[in-house]
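K.L.:
Have a look at this one.
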Amino acid sequence: MFSSTPPQTWAVVAAAGLPRGFKIHELRHAAAALLIRSGANLEYVKRQLGHSSITVTQRYAHLYPDDQAEVMASLGRLVDTPATAEARSVS
């Protein structure tokens with residue numbers, strides 16, 4: 001166990017039923033993964049984890065779902081307004 005970890009932290013870890021030898025850093029990684037999976041952007045994750053640089057946070061970027069089709073569909077809806085539809089019909 002790390003000496004920099006306050007003793008009361010280990011009481012909380014034990015009370016939560018986490019396994020012996022559990023590393024507090026694993027909670028940070030889990031929190032980052034949950035934030036990303038819930039749609040948080042990297043800048044938000046950076047602030048929540050207290051990273052000094054977005055470069056540090058980018059190690060979690062691989063956790064973003066492959067949502068290219070969804071993004072393209074959203075972009076299409078954004079661009080496909082009545083005004084753009086009318087402009088296409090005039091051309």
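Bear in mind that the values in this text are calculations on the coordinates, not laboratory data. What you are looking at is a predicted structure, and each value in this text was computed from that prediction instead of being measured. In this analysis, Cβ positions are derived from the backbone assuming ideal geometry, glycine residues included, and neighbour counts consider all displayed protein chains.
K.L.:
Set the Förster radius R0 to 41 Å, insert the Cβ-Cβ distance between Ala31 and Val79 as r into 1/(1 + (r/R0)^6), and round the FRET efficiency to 0.05.
P.N.:
So, using R0 = 41 Å, E works out to roughly 0.70.
K.L.:
Net charge within 14 Å of Val56 by Cβ-Cβ distance, Lys/Arg positive one each and Asp/Glu negative one each, not counting Val56 itself?
P.N.:
+3
K.L.:
Using a/c under 1.5 as the rounded threshold, could you call the stretch 17-71 rounded, prolate or oblate? The axes a ≥ b ≥ c are square roots of the C-alpha gyration tensor eigenvalues, and prolate needs a/b larger than b/c, oblate otherwise.
P.N.:
oblate
K.L.:
Tell me, Thr57, Thr9 in order of fewest to most beta-carbon neighbours within 10 Å?
P.N.:
Fewest to most other Cβ atoms nearby, the residues stand as Thr9, Thr57.
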